[in-house]
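Visitor: Pasting a structure here, questions to come.
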Amino acid sequence: MTQKTVLNDAHRRFGAKMVDFGGWDMPLHYGSQLEEHHTVRRDCGMFDVSHMCAVDIAGADAKAFLSRLIANNVDKIKLPGKALYSAMLNDAGGVVDDLIVYLIGDGQYRMVINAGTAEKDLAWMAARLADWKLDVAVVARRDLAIIAVQGPNAKARVWQVLPESRAATEGLKPFFATTVGDCFIATTGYTGEDGFEITLPAAKAEGFWQALADAGVKPIGLAARDTLRLEAGMNLYGQDMDETISPLDAGLAWTVDLVSPRDFVGKVALLAHGQQKQFLGLLLLDKGVLRAHQKVVTAQGDGEITSGTFSPTLQQSVALARLPLGVAIGDSVKVIIRDKELAAKVLKPCFARNGKSMI
């Protein structure tokens, strides 16, 4: 049965085209994907990300639990509000889900997991908790909503609507969060632009959404969210990685701590198999559009595009791809599109951020 966020009626009032997204009824766009994309790069827009699930993890063994559960090291987050990006892995080293963990206080953390994997993730955590017999409570916070406001003018618009938040958030560094009243405001995002992700009581979400709209913030759908994150080189679970893909092969080696002596689920497999592929960007030099699952022909062997699109910011087709080891940035490769070999250039997997081209 399709699930709905608390903002479902608001999306329809704003003229959204609704689609099924991982079992959730979500807005694809509100009229023009292209306009929405440019709005976020040039001004600011707001996204309903309430389908994603906030999970509170607390107890005497909360840190020990997370230390064994995720591939990154929670010892890195020492200050309250600091965020850590990582993944939960299975025993084979595949990605169960990618996630963000925030340190709230001593023995208290908040994790944000993906919508389509939420039930699987919660079952996975419950099973690990039963195995390890730790003193931890894991609570899914479906009483909360999450609204992201992204773009060069995002913070100013949020401060216009929530003036009481300015003092606490004006100096907030990237990948931090703070609590203002009943809002949990984080400088995390999925667009490559400045802004906030605001977690608040679900009952207040519609009023906040409307207040942002009244302040000139445009609603943005899933279609523009995807082109924005792809331009910024950000992975999408289920497309750029899944339970069969190692984080080392998905460009997420920086989120994996194999140096410290601590053990975590999947560590043995990662050490045994190492990195098999590398995750790089492609810029199409010929006419066409790069799409997921297209074959990439290189001098070192074949690779595959995991995400591809026509970039509205660059006005060229770009992609994220899993390629053989040995392929280097700057190399020329071929992409098979409709039985034709089209030329592409290998780049760092980040094409646009902060409103500007990175190539």
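Visitor: Please report, in whole Å, how far the alpha carbons of the chain spread along each principal axis, starting with the longest.
Guide: Principal axes ranked by extent give 56, 49, 42 Å for the Cα atoms.
Visitor: Further question on the same structure: Taking a probe of 1.4 angstrom, what is the accessible area of residue 190 in Å², to the nearest 10?
Guide: Counting only protein heavy atoms, residue 190 exposes about 50 Å² to solvent.
Visitor: Which whole-number percent gives the relative contact order of the range 145-257, counting Cα pairs below 8 Å spaced six or more residues apart?
Guide: The normalised contact order for the range 145-257 reaches 26 percent.
Visitor: Taking only the Cα atoms of the range 109-151, how large is their convex hull per residue, in Å³? Could the numbers behind the result be given before it?
Guide: Working: hull volume 4.1 nm³, N = 43.
Spread over its residues, the Cα hull of the range 109-151 gives 96 Å³ apiece.
Visitor: Kindly state, to the nearest 0.05, the FRET efficiency for residue 275 paired with residue 348, given R0 = 22 Å and r defined as their beta-carbon distance. Display every interim value, and only then the final one.
Guide: Values: r = 17 Å, r/R0 = 0.78.
It comes to 0.80.
Visitor: May I pose another question? With a cut-off of 14 Å, note down the residues of the range 65-79 whose backbone N falls inside the zone around a label point 7 Å from the Cα of residue 173 toward its beta carbon.
Guide: 76-79
Visitor: Subtract the Cα-Cα distance of residue 131 and residue 292 from 0.36 nm times their separation in residues, and report this length gain in nm to one decimal.
Guide: On the way: separation 161, 0.36 × 161 = 57.96 nm, distance 3.76 nm.
Result for the pair: 54.2 nm of gain on full extension.
Visitor: Ignoring ligands, DNA and RNA, please state the percent of accessible area on the range 73-228 from carbon and sulfur, probe 1.4 Å.
Guide: Details: 3330 of 6140 Å².
Ligands and nucleic acids excluded, carbon and sulfur reach 54 percent.
Visitor: Let's test the formula: R0 of 30 Å, r as the Cβ-Cβ distance of residue 3 and residue 244. What FRET efficiency results, to the nearest 0.05?
Guide: Numbers: r = 26 Å, r/R0 = 0.87.
With a Förster radius of 30 Å, E is 0.70.
Visitor: A further question follows. Can you grab the distance from the C-alpha centre of the range 174-200 to the C-alpha centre of the range 1-63, Å, no decimals?
Guide: 15 Å
Visitor: Another one. With viscosity set to 1.002 mPa s at 20 °C, what whole-number translational diffusion coefficient in µm²/s follows for the range 1-121 from Stokes-Einstein and a Kirkwood radius over Cα pairs? Walk me through the numbers before you get to the answer.
Guide: On the way: Rh = 16.5 Å.
It comes out at roughly 130 µm²/s.
Visitor: Continuing with this model, one more query. Taking 0.36 nm per residue of sequence separation and subtracting the Cα-Cα distance, how much length would be gained by fully extending the chain between residue 334 and residue 211, in nm to one decimal? Present the calculation step by step, with values, prior to reporting the outcome.
Guide: Working: separation 123, 0.36 × 123 = 44.28 nm, distance 4.85 nm.
Extending this stretch completely gives an extra 39.4 nm.
Visitor: Sticking with this one: In deg cm²/dmol and to the nearest 500, what is the mean residue ellipticity at 222 nm of the chain if only DSSP H runs of at least 4 residues count, each as -39500 (n - 2.57), divided by the residue total? Walk me through the numbers before you get to the answer.
Guide: Details: 9 runs with 81 residues, N = 359.
Per the formula, -6500 deg cm²/dmol.
Visitor: Something else: So if R0 is 35 Å, what FRET efficiency would residue 304 and residue 85 give, r being the distance between their Cβ atoms, rounded to the nearest 0.05? It would help to have the intermediate numbers written out before the result.
Guide: Values: r = 24 Å, r/R0 = 0.69.
Computed FRET efficiency for residue 304 and residue 85 comes out at 0.90.
Visitor: How much of the accessible area of the range 279-329, probe 1.4 Å, is carbon plus sulfur, in whole percent?
Guide: Details: 1100 of 2100 Å².
Ligands and nucleic acids excluded, carbon and sulfur reach 53 percent.
Visitor: At 1.4 Å probe radius, can you tell me the per residue accessible area of the chain in Å²?
Guide: Details: 15400 Å² over 359 residues.
That works out to 43 Å² per residue.
Visitor: From zero up to wherever the largest Cα-Cα distance of the range 65-200 sits, split into 5 Å bins and tell me the percent of pairs in each.
Guide: Bins of 5 Å from zero give 2, 9, 19, 22, 19, 14, 8, 5, 2, 0 percent of pairs.
Visitor: Run down the aspartates and glutamates and flag those whose C-alpha is under 18 Å from the C-alpha of residue 295, throwing out any fewer than 8 positions away in its chain.
Guide: 240, 249, 286, 304, 331, 339, 341
The values are calculated or read from the model by the stated rules, or taken from the named source; none is laboratory data. Nothing here was measured: the structure is a model prediction, and the numbers come from that model. Using ideal geometry, Cβ is built from the backbone for each residue, glycine included, and neighbour counts are taken over all protein chains shown. Ligands, DNA and RNA are excluded from the accessible area calculation, which covers all protein heavy atoms including side chains. Shrake-Rupley method; radii C 1.70, N 1.55, O 1.52, S 1.80 Å.
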